[in-house]
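Right, one structure below, let's go through it.
The values are calculated or read from the model by the stated rules, or taken from the named source; none is laboratory data. Computed from a predicted structure; not experimentally measured. A quick note on method: Cβ atoms are made from the backbone with ideal geometry, for glycine too, and the neighbour counts reach across all protein chains shown.
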Amino acid sequence: MTILTKRLSGLSRSLIRKIKKMIYIVSTDRLLAEALEVILNEHGMTDIFLSEALPNEADLVIADADTVDLPADRKGILTISADKKKGAYLMRPFFEDDFAMAVSSMLPQSDLYKATPRLTKQGVNYKGKNISLSPIEYKIFKILYSNMGRCVTISELLTLFENKNDSGIVPVYIRFLRKKLDFAFGERLIYTVRGRGYMLKFP
């Protein structure tokens, strides 16, 4: 059974250890529950509990509407289903990044989580602000984001362009990104590693 159709890299390990949310995945389908747990782990959410019954308390409940009876009030419950008639929040199969974004949008937003840059479908969210990026800007930021705290070389970034021999194109788009992000957020997120490439980090 196809559950997911794409994988998106998570945050750096140092950041993952800082994000703590109590999330329950409720389903009698163990394979589905474990697959969802892996995605959440990769996106920095580590306090995950698997259950076949709805819990009394949690920051978020992810419920499989195909195997679990749900209450009329679904507040705080992210529902998934392969059956359109169930009126679920997400229909299976779905993209992993869509699932991760749905989860993060429903979580109580702590100050730490608000201060963590997050990918959206067309840009980046940081400090409560959504910034739209062009397709190539998004691809560059996504690679930097997936390698947060590590230098991404110019050669790696060049793989995003048709002309892979024009190394001068990378700094041009880095400037475009910095102009958007620095102005919007009031601080620098993308740093130059002289002679090598660029690194995404935040205070």
Hey, any hits in region 138-151 for a residue that's at negative phi, in a loop (DSSP other than H, G, I, E, B) and modelled with pLDDT of 90 or more?
yes
Report, by residue number, each residue of region 131-144 that is in contact with a helix residue (DSSP H, G or I) (Cβ under 9 Å, 6 or more places away or on another chain) and either over 13 Å from Phe176 (Cβ atoms) or surrounded by 17 or more Cβ atoms within 10 Å (Cβ to Cβ) (or both).
Ile131, Leu133, Glu137, Ile140, Phe141, Ile143, Leu144
